[in-house]
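These notes are about the structure you will find just below.
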């Protein structure tokens, strides 16, 4: 796969629900605030990816309506869980004639750099979270029988899966795309960053460094 090849990429955003979103933030935020935060973060991801074909992977009626109001397609996975949602998205993208699918988390605090990452060529492209533990973005060809394995340690598992399949894996360690919002510590760590977490306080960033690209 070369950078000169024009590839049709579908961006798939799995969203289980807004009502039950971000339960690990319960010590900090009320249920209504958590739902609002989840919506705002997902809205930011959709806006950042507006130049790409989009689908929201969900079996939640509220989320599907929310997507339709934003003129974004939605598709329900056949079984529960993020692995199943990602696999379903890959099949869906293949069915509509796409070359690649990008599985993008809906809770990225600052998704503005997504278009440049999604334009990167490579058999498998992964953006890890800031702990190099989770997989915030995975881009993979639709034809590849890739075994998605989300959860703690997913970054290493996904790199290993690419190696198992004999595929090159480009890892993009990006200062901004590494930030997702899961627990109260994530909110605390963002105190000095100007990222759209949904809080009213204005936050300042110590630097606007570009992400570093690593190709192991």
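A compact table of results
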{"item": "Alpha-carbon spread of the stretch 38-185, three principal axes, descending order, Å", "result": "40, 38, 28"}
{"item": "Sequence ranges 113-121, 138-146, 99-107, ranked by mean other-Cβ count within 10 angstrom, highest first", "result": "99-107, 138-146, 113-121"}
{"item": "Sorted peptide list for 55-64, 42-51, 18-27, criterion being average Cβ within 10 angstrom, highest first", "result": "55-64, 42-51, 18-27"}
{"item": "Percent RCO, i.e. relative contact order, over the stretch 9-214, from Cα pairs under 8 Å lying at least 6 residues apart", "result": "22"}
{"item": "Overall dimensions of the stretch 61-112 as given by Cα atoms, namely Rg and Dmax in Å", "result": "12.0, 31"}
{"item": "Within the stretch 9-214, percent of DSSP bridges classed antiparallel, to nearest 5", "result": "50"}
{"item": "For the stretch 135-190, Kirkwood radius (reciprocal of mean inverse C-alpha pair distance, Å)", "result": "12.9"}
{"item": "Mean Cβ neighbour count within 10 Å, used as a protection proxy, ranking 123-130, 29-36, 167-174 highest first", "result": "123-130, 167-174, 29-36"}
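Rule-based calculations on the coordinates, nothing more; no lab input. From a predicted model like this one, the values you see are computed outputs, not experimental measurements. Positions of Cβ are backbone-derived with ideal geometry, glycine not excepted, and every protein chain shown enters the neighbour counts.
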